[in-house]
Each structure stands twice: as C-alpha cells, then as structure tokens.
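Chemist: Quick one: this structure, given as structure tokens, is what I'll be asking you about.
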C-alpha cells in the first residue's frame, strides 16, 4: 500500500514536471516573436538610415547601413521559418493571418534591401541611371511592405484581446 502511494506521488510529480516543460504552439511562437519584431524594427531603422545616407551622397555609410538592414531582414526570415513549424498547430485563424502578413512583409523588405544594395553599388560607380532604377524598385517594394505592416498592425488593433491573451502584445 505504501509503495503504491509513493509510486502515485512520483508519477504525479513527473507529470507536473513534464507538463510545465511542454509549450503550446502559441508559446513557441511567442518565444520567437519578440526577437522577430526586434529584427524587423532594427532592419527598418538601418534601411531608413541607408536612404538618408544615399540622399546625402554618403555612400560608405549607406552601404554599411543597407548591409545591416539585409542582415536583420535575413535574421527575421530565419525566425519566421522557425515560427512556420508551429503555425499549422494554431487553432485561431487570426494568428495564422498575422504570421502570413508578417512573412510577406519581411520578404518584401528583404527584396527592397537587396534592390537598394544594388542601387548603392551603381551610385558608388557613378552610374546614376542604373542606381535610380534599382532605388525606384526598392522604393516600390518597401511601399508594399509598409502596406502589409499597416494591415498587420490593424489586425492586432482589431483583435487586441486575442493578441493580449496570447502574449503577442
């Protein structure tokens, strides 16, 4: 009898210990979301700094800034790949919509950074015509990304309680 009680207590302790270590899909996503948002914000800042540097014809700083932006958007894309592993397990379609929006946004920002990097290389080599062509493409891509960013923010705004409950905001 005493052995049965000890065995039951040990089993209960093991179950409680293990259950505390098992994360739901939203927990796994939340663990990565903060870093993802930081990467996007820092990438945006570096991208905008690159634009300012181009406008002031400081191509060395601009080149450095756009390289950092590219790295941040690449990091964001990697975190999104990790998040994708858990997306199908989510029960709430709003979370899936949010992840899809952020994924497309990051993709566009990454493409815009690549285009701006190419523009920078042409500007450095005094090929203003080609540089302007790539800069125009970068601007167009970034405008699309900002539209998606605004849609994502609106989704959160319209579902504040849901995102608060999940710990995303």
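Chemist: Between residue 153 and residue 34, what length comes free when the chain is fully extended (0.36 nm per residue of separation minus the Cα-Cα distance, one decimal in nm)?
Modeler: Working it through step by step, the gained length comes to 41.3 nm.
Chemist: State the extension gain, in nm to one decimal, for the chain segment bounded by residue 146 and residue 45, taking 0.36 nm per residue of separation less the distance between their alpha-carbons. Walk me through the numbers before you get to the answer.
Modeler: Working: separation 101, 0.36 × 101 = 36.36 nm, distance 1.32 nm.
Result for the pair: 35.0 nm of gain on full extension.
Chemist: I need the peptides 45-51, 70-76 ranked by packing, meaning the mean over residues of other C-beta atoms within 10 angstrom, with the highest value on top.
Modeler: Numbers: 45-51: 19.4, 70-76: 21.0.
Ranked from most to least packed, the peptides come out as 70-76, 45-51.
Chemist: Same structure, new question: Contour minus end-to-end for residue 78 and residue 128, with contour as 0.36 nm per residue of separation and end-to-end as the Cα-Cα distance?
Modeler: Working it through step by step, the gained length comes to 14.6 nm.
Chemist: Quick check: convex hull over the Cα atoms of the stretch 25-166, volume per residue in Å³, rounded to an integer?
Modeler: 90 Å³
Chemist: On to the next question. According to a simple spin-label model (label point 7 Å from Cα along Cα-to-Cβ), what is the distance in nm between residue 58 and residue 71?
Modeler: According to this spin-label approximation, the distance is 1.9 nm.
Every read-out reported here was derived from the displayed coordinates using simple, explicitly stated rules and does not represent laboratory data. Everything numeric here is computed off the predicted structure, so don't read it as measured data. A quick note on method: Cβ atoms are made from the backbone with ideal geometry, for glycine too, and the neighbour counts reach across all protein chains shown.
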